[in-house]
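Beneath this line is the structure, given in structure tokens, with notes to follow.
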Amino acid sequence: MRTTYANAVDSMVLDAVALVDDLVSQALLASASDLHLEPGAGGLAVRLRLDGVLNTIDHIPASIADNVIARLKVMGELLTYRTDIPQEGSFSFKGLGDLKHDVRLAVFPTIHGERAVLRFFCDDGQPRSIDNLGLSEATVASLKNASEQTSGLILVTGPAGAGKSTTLYALARHMLDATPGRSIVSLEDPVEQRVEGLTQIQVQPFGELNYARAMRSLLRQDVEVLFVGEIRDAESAHIVIEAALTGHLVLSTLHSGDPAETIARLIEMGIAPYQLTSTLRLINSQRLLRKTCPDCCGQGCECCFATGYKYRTACGQAAVMNDHLRQAIIDHTPTGNLRTLVNENHPSLQECAMHLVQMKQTTTDEVRRVLGTDDGSGRTDTE
Ligand SMILES: [Zn+2]
């Protein structure tokens, strides 16, 4: 194990500047998405968000805590003499191989001093190809098939942090490869990955160029395929459906549990059952599960910060529109019965997850953390 910051500071090996450089390098090396420095009575707890989960990895003694926060504030060009207000900034950090990383810094006053959170914008280690996300072969085949159609609606759903946009980006890459020559535009907030060949537009949900306005204008611009970052409200749901009904292929995401719940939510938003049945091609509801660390097989090692996990895999249930589902939607079938019908035709999220456990890709603990106990709904409380 490496020397802890407490030992290093005691033996005067590290000053605040060196310690901050070391902290940020460690976090980048571990492919963390965030680094938290959380003040308590005895100093700062150092926590890394690895594969979506916060892990406490070290502790910075109180004697140097203020200097560490002050050093970060200098780097982020914040007001060092103000310790009583929240502040936000950013800086560029040179990591391994002189690779530059953009870091966003936010500090917030607490009763034990300032709390700092750093967010890293770099390659998150997620796979880029639709074949490598961890989705089952059947799901990938359904997604590819739907994406090669000329019109209709494809939805990727799940809670926040379920890898929905990673799946859409992977699908966009597949479409650019498999069916070149189409006019493909994406509306995003924010643009998370740059995709060669895709026209990407940054929308401002609360500004002038919001989803609804951007979509309306684009429909007059001879666009064939439209990626819409998220269906947030009834207005964007209606425009998405309208686009799909008028000969466009639309791909989007929705914050909802499983395919049956997705259908129920769209109907709650005022979409008529006949509009759904004539546009919807596929709903892929997914989650991300942490993978068992390949270096220690889950025992915990230095490489996985003793968590036993490294990297993540997607796990999804793809419901394809067919005659049974179409009739059930037209008949206003209750969500529970709709769910039973979908599960009869497509392995449920729980079943897909347990398959990954059998393949030793992940653990039952991880499945429980992400999917909760099995009530059949595929709902989850972890956000
Ligand atoms: Zn390990």
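Being within 28 Å of the chain's Cα centre (by Cα) and under 30 Å from residue 300 (Cβ atoms) narrows it down to one of 14, 19, 50, so name that one. Working first, answer last.
On the way: 14 fails: within 28 Å of the chain's Cα centre (by Cα); 19 fails: within 28 Å of the chain's Cα centre (by Cα).
Only one candidate passes the filter, namely 50.
For the structure I just gave you, tell me whether residue 52 is under 25 Å from residue 307 (Cβ atoms) and touching a His at 6+ places or on another chain (Cβ under 9 Å). Break it down stepwise before answering.
Working: under 25 Å from residue 307 (Cβ atoms): yes; touching a His at 6+ places or on another chain (Cβ under 9 Å): no.
No: the conditions fail for residue 52.
Of the residues 158, 152, 134, which is closer than 22 Å to residue 51 by Cβ, at pLDDT 95 or above and in the same structural domain as residue 228 (by TED's automatic domain parsing)?
On the way: 152 fails: closer than 22 Å to residue 51 by Cβ; 134 fails: at pLDDT 95 or above.
Going through 158, 152, 134 in turn, just one is closer than 22 Å to residue 51 by Cβ, at pLDDT 95 or above and in the same structural domain as residue 228 (by TED's automatic domain parsing): 158.
Within the range 281-298, can you find the residues that are open to solvent by 10 Å² or more (accessible area, probe 1.4 Å) and under 30 Å from residue 348 (Cβ atoms)? Even if it seems obvious, please write down each step before you answer.
The first filter runs over the range 281-298 and keeps only residues open to solvent by 10 Å² or more (accessible area, probe 1.4 Å), leaving 281, 288, 290-292, 294-298.
Correct list: 281, 288, 290, 291, 292, 294, 297, 298.
Determine, yes or no, whether residue 155 is touching a helix residue (DSSP H, G or I) at 6+ places or on another chain (Cβ under 7 Å), outside any strand (DSSP E or B) and either among the hydrophobic types (A, V, I, L, M, F, W, C) or surrounded by 12 or more Cβ atoms within 10 Å (Cβ to Cβ) (or both).
Working: touching a helix residue (DSSP H, G or I) at 6+ places or on another chain (Cβ under 7 Å): yes; outside any strand (DSSP E or B): no; either among the hydrophobic types (A, V, I, L, M, F, W, C) or surrounded by 12 or more Cβ atoms within 10 Å (Cβ to Cβ) (or both): yes.
So residue 155 does not fit the description; no.
Look at residue 242 and say whether it is surrounded by fewer than 20 Cβ atoms within 10 Å (Cβ to Cβ), free of Cβ contacts under 8 Å to residues at least 24 places away in the same chain and under 21 Å from residue 160 (Cβ atoms). Break it down into steps so the answer makes sense when it comes.
Working: surrounded by fewer than 20 Cβ atoms within 10 Å (Cβ to Cβ): yes; free of Cβ contacts under 8 Å to residues at least 24 places away in the same chain: yes; under 21 Å from residue 160 (Cβ atoms): no.
Considered against the rule, which asks whether it is surrounded by fewer than 20 Cβ atoms within 10 Å (Cβ to Cβ), free of Cβ contacts under 8 Å to residues at least 24 places away in the same chain and under 21 Å from residue 160 (Cβ atoms), residue 242 comes out as no.
Within the range 187-223, can you find the residues that are open to solvent by less than 70 Å² (accessible area, probe 1.4 Å) and assigned to a helix (DSSP H, G or I)?
Scanning the range 187-223 gives 211, 212, 214, 215, 217, 218.
Is it the case that some residue within the range 332-345 is open to solvent by 40 Å² or more (accessible area, probe 1.4 Å), on the phi < 0 side of the Ramachandran plot and under 21 Å from the mean Cα position of the chain (by Cα)?
No, the range 332-345 contains no residue that is open to solvent by 40 Å² or more (accessible area, probe 1.4 Å), on the phi < 0 side of the Ramachandran plot and under 21 Å from the mean Cα position of the chain (by Cα).
Only one of these is part of a helix (DSSP H, G or I) and open to solvent by 30 Å² or more (accessible area, probe 1.4 Å): 138, 106. Name it. Walk me through it before giving the result.
On the way: 106 fails: part of a helix (DSSP H, G or I).
When all the criteria are applied, what remains is 138.
The values are calculated or read from the model by the stated rules, or taken from the named source; none is laboratory data. Just so we're clear, the structure is a prediction, and the values are computed from it rather than from any experiment. All Cβ positions, glycine included, derive from the backbone under ideal geometry; neighbour counts span all protein chains shown. Side chains included, ligands, DNA and RNA excluded: accessible areas come from the protein's heavy atoms. Shrake-Rupley method; radii C 1.70, N 1.55, O 1.52, S 1.80 Å.
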